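These notes are about the structure you will find just below.
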Amino acid sequence: MSGKNNYFLTTPLYYVNDKPHIGHAYTTILADVLARFHRTAGEEVFFLTGLDEHGQKIQQAADEKSILPQKHCDEMAPRFTDLWEKLHIRYDDFIRTTEKRHKKVVQHILEFVYEKGDIYFDEYTGQYCVGCERFYTEKELVDGKCPQHDKPLEAITEKNYFFKMSKYQQKLINYINENPDFIQPKHRKNEILGFLRQPLDDLCISRPKSRLNWGIELPFDKDYVTYVWFDALINYVTAPGYLSDDKSFKKWWPAVHLIGKDILMTHAVYWPTMLFSAGIPQPKTIFAHGWWLSGESKMSKSLGNVVNPLDLIDKYGVDPLRYYLMREMVLGQDASFTPESFIKRYNSDLANDFGNLFSRVSTLIAKNFENVIPEYNELTEEETKIQKSAESVIMYVNQLIEKMRINEAIEEILQFVRSINRYMEQQAPWKLVKTDKSAAARVLYTASESLRISALLLQPVMPNRTEIILDTLGANGANLKWGILKSGTILKKHSPLFPRIKVEEPVAEKVKQTIQDNIITYDEFQKVELKTALILKAEKIEGADRLLKLQIEVGEEKQQIVGGIAEHYKPEELIGKMIVIVANLEPVTICGVESNGMLLAAKKGKDLSLIIIDSDKVKSGFKIF
Ligand code: MSP
């Protein structure tokens, strides 16, 4: 069994259909912070992350680039690992589902579960969402659409293999009830228990190769590949050594799985039932965090004109962004990202409180004690209080981290930093040096030691900048006991760690402007989905002289857009024209009419012409490069 001092932490395996975005970065930073806290607490940690490389959407992404899926995955993988390096992520293993070690375990588990009689063959008709890579049942749909992507689903009828998930429904309910920490936070556990009140369907776990061949072949039918989730989830046991290294597997399993709330069902229902069938113990905890929102919507790759939090790195550094993401989100709930709140948080906590304590202490020691941490004699009651409060902060932070209450742990540390700033104000060592130098020495030693402890406590969140503080103080060891700092140490030189960000109103505009200049990168341009669309119907909009309402066909989908072309085209002459639209714009309502996309036209002064495609070869829904 996994020892008390072993901590196995996982992130989801990210899809490689696109480059990494803030959602991926957040879960990975969160895992890194937790892993570092646990390492500091003396535990042995195994932090696993990686990539989910099979499935329809990866195949589609490769097809769009006209390259083989494996090549696409190989091109995408460094984008993730490079970002992890930039974000100071220290993982212990990086697994890709296309690796041999993984395929072997997936096939073994499939074989085992099949032999056991938990997999059967059947015909099925279902609603498939490529975005989620899963079928949805009618009762899960919202207005007939995917609840995650708000898009129509693909109706698919085919013969497939099914995993008898329903067989384990009661066992799962019992397990969740008997292990209150299994699914966290509590409201997510209740959500799953609520879902399990309805009879559970069996899980379709295969795809015929004739439809999708980018996957792991079923060991008992070479015409089929496994379905993404039955493949990807298994990584969590492959990496610690299931089948390949029994000792290592026993050392690490069970894991703590960190996930976002959108993949709760797959982790808290599919995965546990798969494990029951395979005879593998359950994970320790499945913890679902909330989403970073921009306004009302989930931040992801299509950020539109919103500031991408990852762009703040080049301007303000990685550590402040890590700090902000960890401090601002209450784990389990959604949080809103705005550049204003980032700057506010940075200026108040990092520049005013933490950075200020550091620069005050080092400046005063340089000025009055020849840059050497001073000797002190007796401590007064004030310093004994500070020492006690440091000890209780250390203890409390550990407890909060154990409960995954990271934002509260950070606030606890900052409260301590603020109390030291107040102590400095009250004691005024800059005055004391003139009247009682040994008292000034005592105050500056106490403030420096408090700073060292605060930096150590914040190290998992801001590994780089706290290292500079510790290095300046000549105290790089991770000892959280009071009194480690050595009097007589010469302070190293340093530049200001958290220079204040000057804010001119309006902040958002300013930040947006500096970050987004006129030039866009290739990746940014790739975000824009340009497609061909066939006009089926066109009509005027009452009360809006310039607008026409168009019903268009984009591949399989029909949609409505509004265009400002009424002064240039009569509705009847538009029918049957193949135009070009921006297909992935957020829907807007114009003069009370909903518009899902934007048409492209060339315009100068009063002259306007739609971009019309005149070729029999081109059908609606084609992608424009
Ligand atoms: N491949 C599956 C997971 C398989 S795990 C065996 C997958 N991949 S993903 O690339 O879509 O990664 C999603 C992760 O990023 C999820 O945990 C998701 O919640 C998280 N985020 C995506 N956007 C997010 C925000 N805006 N905010 C926070 N995290 C969100 O799902």
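The values are calculated or read from the model by the stated rules, or taken from the named source; none is laboratory data. All values derive from a computational prediction rather than experimental measurement. Positions of Cβ are backbone-derived with ideal geometry, glycine not excepted, and every protein chain shown enters the neighbour counts. Accessible surface areas use protein heavy atoms only, side chains included; no ligands, DNA or RNA. Shrake-Rupley method; radii C 1.70, N 1.55, O 1.52, S 1.80 Å.
Observations on the model:
- For the range 247-262, the count of residues that are in a helix (DSSP H, G or I), open to solvent by 30 Å² or more (accessible area, probe 1.4 Å) and within 15 Å of the ligand (Cβ to nearest atom) is at least one.
- Any hit, the range 28-38, residues being part of a loop (DSSP other than H, G, I, E, B) and either at positive phi or more than 16 Å from the ligand (Cβ to nearest atom) (or both): no
- Among the residues of the range 189-241, those identified as assigned to a loop (DSSP other than H, G, I, E, B) and buried (at least 21 other Cβ atoms within 10 Å of the Cβ) are 205, 214, 215, 216, 227, 233, 234, 239, 240.
- Qualifying residue in the range 595-614 (condition: among the hydrophobic types (A, V, I, L, M, F, W, C), more than 28 Å from residue 150 (Cβ to Cβ) and in contact (Cβ under 8 Å) with a residue 60 or more places away in the chain): yes
This table checks each residue for (1) more than 25 Å from residue 624 (Cα to Cα); (2) away from the ligand (no atom under 15 Å from the Cβ).
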site: 13; (1), (2): yes, no
site: 16; (1), (2): no, no
site: 40; (1), (2): yes, yes
site: 46; (1), (2): yes, yes
site: 54; (1), (2): yes, no
site: 66; (1), (2): no, yes
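- Verdict on residue 280 being among the aliphatic types (A, V, I, L, M), over 17 Å from the mean Cα position of the chain (by Cα) and either away from the ligand (no atom under 12 Å from the Cβ) or not in a strand (DSSP E or B) (or both): yes
- Checking each residue in the range 304-315 for being in a helix (DSSP H, G or I) and open to solvent by less than 30 Å² (accessible area, probe 1.4 Å) picks out 309, 310, 312, 313.
- Screening residue 309 on (1) farther than 26 Å from residue 498 by Cβ; (2) within 11 Å of the ligand (Cβ to nearest atom) shows it passes everything except condition (1).
- Any hit, the range 68-80, residues being in a loop (DSSP other than H, G, I, E, B) and under 30 Å from residue 624 (Cα atoms): yes
- Output for the range 40-66, where each listed residue is in a helix (DSSP H, G or I) and either open to solvent by less than 10 Å² (accessible area, probe 1.4 Å) or modelled with pLDDT of 95 or more (or both): 58, 62
- Within the range 206-224, tally of residues that are of a type in the set (A, V, I, L, M) and at pLDDT 95 or above: 2
- If only residues of the range 121-147 that are within 16 Å of the ligand (Cβ to nearest atom) and out of contact with any Lys or Arg (no Cβ under 9 Å at 6 or more places or on another chain) are counted, the one that is modelled with the highest pLDDT is 146.
- Entirely in the range 111-174, the strands (runs of 3 or more DSSP E) that have 2 or more residues that are under 27 Å from the mean Cα position of the chain (by Cα): 119-129, 134-136
- Elements of the type helices (runs of 4 or more DSSP H) sitting completely within the range 324-404 and holding at least 2 residues that are under 19 Å from residue 470 (Cβ atoms): these cover 356-368, 381-402.
- Failed condition for residue 478, given (1) out of contact with any Phe, Trp or Tyr (no Cβ under 9 Å at 6 or more places or on another chain); (2) among the aliphatic types (A, V, I, L, M); (3) over 13 Å from residue 360 (Cα atoms); (4) open to solvent by less than 30 Å² (accessible area, probe 1.4 Å): (4)
- Matching residues, the range 458-469, being in contact with a Leu (Cβ under 9 Å, 6 or more places away or on another chain), open to solvent by 10 Å² or more (accessible area, probe 1.4 Å) and outside any loop (DSSP other than H, G, I, E, B): 465, 468
- Qualifying positions in the range 229-238 - in contact with a Lys or Arg (Cβ under 8 Å, 6 or more places away or on another chain) and either more than 15 Å from the ligand (Cβ to nearest atom) or not polar (S, T, N, Q) (or both): 229
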